[in-house]
Amino acid sequence: MILTLSSCKKSEFENLLINPHKKWSYINNSKYNRNSRAVFYMKFYENGDFENRYTSSDRKHILLDGEQRDCYWSFSEKDSILELCDYTYKILEYQKDTIRLIEVKNNFKCLFVNHALK
């Protein structure tokens, strides 16, 4: 019983992602500018659900074809791998408002930046 309970405990990184006060924007590492404004932000949920939302209205982003595609996320603390939709990222480092990652397949560096800073 103890093993079951401890396996449900979220890691520090997972708690950072699912924090309801965070609005994570995906940014190309080479184009990061603190003054940039994001059109979308990512919302991570404890149950593994994931959404893109508009920063201006908080409404869920729907693709131009009108289709809504389900997208999920998961994290492996053992190897610092974030599975997000159809992509696999290795977490390089993280702080309270910035996450540095590398997309495993293409070796592409990127950032998740919290744009809900108060």
State all residues of the range 72-90 that are charged (D, E, K, R), more than 24 Å from N33 (Cα to Cα) and in a strand (DSSP E or B); if no residue qualifies, say none. E83
Identify, from the list E93, E46, the residue that is of a type outside the set (G, A, S), surrounded by fewer than 13 Cβ atoms within 10 Å (Cβ to Cβ), at pLDDT 95 or above and not in a loop (DSSP other than H, G, I, E, B). E93
If we keep just the residues of the range 98-115 that are touching a residue at least 12 places away in the same chain (Cβ under 8 Å) and in a loop (DSSP other than H, G, I, E, B), which is surrounded by the most Cβ atoms within 10 Å (Cβ to Cβ)? H115
Does the range 60-81 contain at least one residue that is among the basic types (K, R) and at pLDDT below 95? yes
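The values are calculated or read from the model by the stated rules, or taken from the named source; none is laboratory data. For clarity, every value in this text was computed on a predicted model and none was experimentally measured. When we count neighbours, we look across all protein chains shown, and the Cβ atoms used for this are built from the backbone with ideal geometry, even at glycine.
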